[in-house]
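The values are calculated or read from the model by the stated rules, or taken from the named source; none is laboratory data. As the structure is a computational prediction, the values presented were derived from the model and not from experiment. For neighbour counting, all protein chains shown are included, and Cβ atoms are generated from backbone atoms with ideal geometry for every residue, glycine included. Calculation scope for accessible area: heavy atoms of the full protein, side chains included, ligands and nucleic acids excluded. Shrake-Rupley method; radii C 1.70, N 1.55, O 1.52, S 1.80 Å.
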Amino acid sequence: NKNRIQRITNLPATAVLRDKFVPNHAKAFNLAPVAARWVLYHDETIINHANTNIRSPPPDGMALVIAHMAELFIPRVPCVSEQMSAQVSYLYSPAMVHRVPPDLQFALKDSNHRTSYYTQADLDETTSIVEYCSTLRRALRAEHEERMRMYEKYSLLKWPLRKLKIDDPSQACLFIEGILDARPSLQIGDIVLLRPIQPIVTMQNENGVVFADQYTVEIESRVIQLVRGRGKDHTLDQVIISWALHPEQRYALKDFNWVREYSIRFVPGSMMIERCLTALDWLENLSDFQSKELQDILFPVAAPVVKSLTAEQRQVYRGVPTSAGHSSQKDLCDIGKPLNELQAAFVRMVRARTLDPSFETTRPPMILTGPDRCLRLHL
């Protein structure tokens, strides 16, 4: 037993029992060059960005919501331009998207190598927007790289695809037990890389001589839906991916009975980090007036001055208001729990700033954080 324990404590970096691992045979298989790459996006679109065709999945539901909110709430303030003399008003337009091309083999590289993003900036003390953006930009890149490493732990070898119950040839399904409870969790739009274990075989004809030609492919798909399994029905979690093969690809794959097995890897999508980096780029390119207003929000030096609440206004009630204006369930929070002092103080702060609005200066935001099923769900 002592010898066995000694062997376990000296596991190599790619051992199966290591916390973070990719077995050597799987790593070699996924690092091997491929003869072709098939990019399958569900209803894929091609965006012409900087005179280069960049394939991008269609906007998800949240992207559409953000675009709708921007149309409704972004003030249409004319900007300074050379044509202002002609009384031409230019509406606000968002910054160019900060593209982050996905590094599909990043996590397969040496896991011990870490890019240094260390910075001595203290965001609680700095008043520089440039320093603020630089620090957050480093943190975002470090977080994204660590997410790619964590996703590599979800790799699968010799795993089958399954046909959806709904006859939709543009989608396929992976049944993976517990994948929806993994942390970090998979997201809609994440990249799924599939390599058939058996090579693709096509018949070639050269000068009347017919021979079999073998080659390997890597199929780049996207997560389009996540479905949690039901324990009482003993069903597994489902990861539904795009599978819009062209007829030639479908024929070359020859998997009409869904029996092929694949080496499967997951790579985080770039949408979230692209949105954050785009916002930081926008912050660094504000006008002097906008920078001054933003500094008052990001780096407030004093709490806003508001009128004091009366004794009646300081009372915190929970529940459905009665005709008398008070609550029928006094001092009750979620599942009968009373508000603690910090929660009650936040409610009073919101009430005080609402009753005494500011029209001359921009006040810093009010931010409430906390776990699920707490006060923030009821505001």
Hey, any idea what % of the range 168-278's accessible area is carbon plus sulfur with a 1.4 Å probe?
53 percent
How much FRET efficiency would the formula 1/(1 + (r/R0)^6) give for A32 and E143, where r is the Cβ-Cβ distance and R0 is 22 Å, rounded to 0.05?
0.15
Take the residue pairs K158/K254; K27/K165; K163/K254; K153/K254 and return only those whose Cα atoms are more than 26 Å apart.
K27/K165; K153/K254
Check which residues have an amide H placed less than 5 Å from W38's amide H, if you skip close sequence neighbours.
E218, I219, E220
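Multiply the residue separation of Q313 and S128 by 0.36 nm, subtract the distance between their alpha-carbon atoms, and state the gained length in nm to one decimal.
Computed gain between Q313 and S128 is 62.8 nm.
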Give me the distance in nm between label points sitting 7 Å out from Cα along the Cα-to-Cβ direction at A302 and Q225, one decimal.
5.7 nm
For D281 paired with D103, estimate the spin-label separation in nm (one decimal), with each label point 7 Å from Cα along the Cα-to-Cβ line.
1.9 nm
Could you tell me the distance between the Cα centroids of the range 252-299 and the range 159-188, to the nearest Å?
22 Å
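In Å², what does the accessible area per residue of the range 168-326 work out to with a 1.4 Å probe?
Solvent-accessible surface per residue comes out at 58 Å².
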Order by accessible surface, 1.4 Å probe, largest leading, for residues L40, L286 comes to L286, L40
Give me the distance in nm between label points sitting 7 Å out from Cα along the Cα-to-Cβ direction at E248 and S291, one decimal.
5.4 nm
Name the long-range amide H neighbours of Y262: under 5 Å, sequence gap of 5 or more, or other chain; modelled H, no Pro or chain starts.
K158, W159, I197
